[in-house]
1. Would you confirm whether any residue within region 112-126 is touching a Ser or Thr at 6+ places or on another chain (Cβ under 9 Å), outside the structural domain of residue 175 (by TED's automatic domain parsing), within 21 Å of residue 215 (Cβ to Cβ) and surrounded by 15 or more Cβ atoms within 10 Å (Cβ to Cβ)?
2. Would you confirm, using the coordinates I've provided, whether residue 202 is assigned by TED's automatic domain parsing to the domain that holds residue 152, within 15 Å of residue 243 (Cβ to Cβ) and at pLDDT below 95?
3. Being modelled with pLDDT under 75, over 30 Å from residue 33 (Cβ atoms) and either in contact with a helix residue (DSSP H, G or I) (Cβ under 9 Å, 6 or more places away or on another chain) or assigned to a helix (DSSP H, G or I) (or both) narrows it down to one of 139, 180, 220, so name that one.
4. I need the full set of residues from region 119-136 which are at pLDDT 90 or above and out of contact with any strand residue (DSSP E or B) (no Cβ under 9 Å at 6 or more places or on another chain), in order please.
5. Say we look at region 231-249 and pick out the residues that are part of a loop (DSSP other than H, G, I, E, B) and among the small types (Gly, Ala, Ser); which of these is surrounded by the most Cβ atoms within 10 Å (Cβ to Cβ)?
6. Going through region 205-217 one residue at a time, which ones are surrounded by 14 or more Cβ atoms within 10 Å (Cβ to Cβ) and either more than 18 Å from residue 108 (Cα to Cα) or modelled with pLDDT under 85 (or both)?
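The values are calculated or read from the model by the stated rules, or taken from the named source; none is laboratory data. Computed from a predicted model, the values in this text were never measured in an experiment. Please note: Cβ atoms are built from the backbone with ideal geometry, for glycine as well, and neighbour counts cover all protein chains shown.
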Amino acid sequence: MPFSSSPTAPATRPSHVLVVDDDPDITQILSRYFATHGFRVSIASDGTQLRQVIGSENVDIVMLDLGLPGEDGLSLTRYLREHWQGPVIIVTGRGESVDRVVGLELGADDYVTKPFDLRELLARVRSVLRRASSAPAKLASAVVEHRRFAFDGYVLDTQSHGLLGPQGESIDLTTGEFALLRVLVEHANKVLSRDQLMTHVHGRDAGPYDRSIDVQIGRLRRKIELDPARPQRIKSIRGAGYLFSPSVRRL
């Protein structure tokens, strides 16, 4: 059953967060904490319950554990990105870099490891919700104004999230790869640091040991470079970051 709080302002619908975790202690702590800060909170312990809540409730954000019984959190992240438009924050005990990279590439908006500070988690949830609430207007403007970008025979379509190669072939991109390529294309011939790319793509700074951007750069190079070992389109600038070198036309 959903755990809900009374709205702090009667005229405003409280943000509805869905906590997906099979640990009752965690769900109880999060429910009480977020309820006291004006949120409506629902609980799901597995993928089946997640789908039930998403299908019947107006949920604003999902906090998702990875270590769930049956279908794991990464599979559910992929499902949410394909069937639901709201933001997702992965909240998990898995701190390995590969899990973080995969989770973000699948489309998670943030990644928080346990044990977490409740105040920091609340701040991250509010930050993601603010970005999500302003995204539709920005996206609509971008689609009308600059729907497609052409470079070196490739065409990047920001409406369909598609990339066509020089022979008209469709090139598969993950959500993270598309977001990163779009940022590079929109800032062509400008050096962007890892922190700047992380902020543009994921809305947060890169940690000192966070190499998710580097991993995504490597995967993009394998898809758009003639020789990924000697990249000419996405160049590494020593001590500074990355530079997208092709000339870009807006179609």
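1. Kept after step one, since they are touching a Ser or Thr at 6+ places or on another chain (Cβ under 9 Å), are these residues of region 112-126: 112-114, 125-126.
Retained after the next criterion (residues that are outside the structural domain of residue 175 (by TED's automatic domain parsing)): 112-114, 125-126.
With the extra rule that they be within 21 Å of residue 215 (Cβ to Cβ), the set shrinks to 112-113.
When the remaining residues are screened for being surrounded by 15 or more Cβ atoms within 10 Å (Cβ to Cβ), the result is 112.
Within region 112-126, one or more residues are touching a Ser or Thr at 6+ places or on another chain (Cβ under 9 Å), outside the structural domain of residue 175 (by TED's automatic domain parsing), within 21 Å of residue 215 (Cβ to Cβ) and surrounded by 15 or more Cβ atoms within 10 Å (Cβ to Cβ).
2. Values: assigned by TED's automatic domain parsing to the domain that holds residue 152: yes; within 15 Å of residue 243 (Cβ to Cβ): no; at pLDDT below 95: yes.
For residue 202, the condition - assigned by TED's automatic domain parsing to the domain that holds residue 152, within 15 Å of residue 243 (Cβ to Cβ) and at pLDDT below 95 - is not met.
3. Numbers: 180 fails: modelled with pLDDT under 75; 220 fails: modelled with pLDDT under 75.
Exactly one residue qualifies, and that residue is 139.
4. Scanning region 119-136 gives 119, 122, 123, 126.
5. Going through region 231-249, the residues part of a loop (DSSP other than H, G, I, E, B) turn out to be 231-233, 238-240, 245-248.
Imposing the further condition that a residue be among the small types (Gly, Ala, Ser) reduces the set to 239-240, 245, 247.
Working: 239: 6, 240: 11, 245: 16, 247: 9.
Result: 245.
6. Looking only at region 205-217, we keep the residues that are surrounded by 14 or more Cβ atoms within 10 Å (Cβ to Cβ), and these are 206, 210-217.
Across region 205-217, the qualifying residues are 206, 210, 211, 212, 213, 214, 215, 216.
Residue by residue, here is whether (1) in the same structural domain as residue 119 (by TED's automatic domain parsing); (2) in contact with a helix residue (DSSP H, G or I) (Cβ under 9 Å, 6 or more places away or on another chain); (3) farther than 19 Å from residue 111 by Cα holds:
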position	(1), (2), (3)
28	yes, no, yes
42	yes, yes, yes
53	yes, no, yes
60	yes, yes, no
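Matching residues to (1) at pLDDT 90 or above; (2) of a type in the set (Asp, Glu); (3) loosely packed, with under 15 Cβ neighbours inside 10 Å; (4) under 14 Å from residue 80 (Cβ atoms):
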{"residue": "9", "(1), (2), (3), (4)": "no, no, yes, no"}
{"residue": "12", "(1), (2), (3), (4)": "no, no, yes, no"}
{"residue": "15", "(1), (2), (3), (4)": "yes, no, no, no"}
{"residue": "24", "(1), (2), (3), (4)": "yes, no, yes, no"}
{"residue": "33", "(1), (2), (3), (4)": "yes, no, no, no"}
{"residue": "39", "(1), (2), (3), (4)": "yes, no, no, no"}
{"residue": "44", "(1), (2), (3), (4)": "yes, no, no, yes"}
{"residue": "47", "(1), (2), (3), (4)": "yes, no, no, yes"}
{"residue": "55", "(1), (2), (3), (4)": "no, no, yes, yes"}
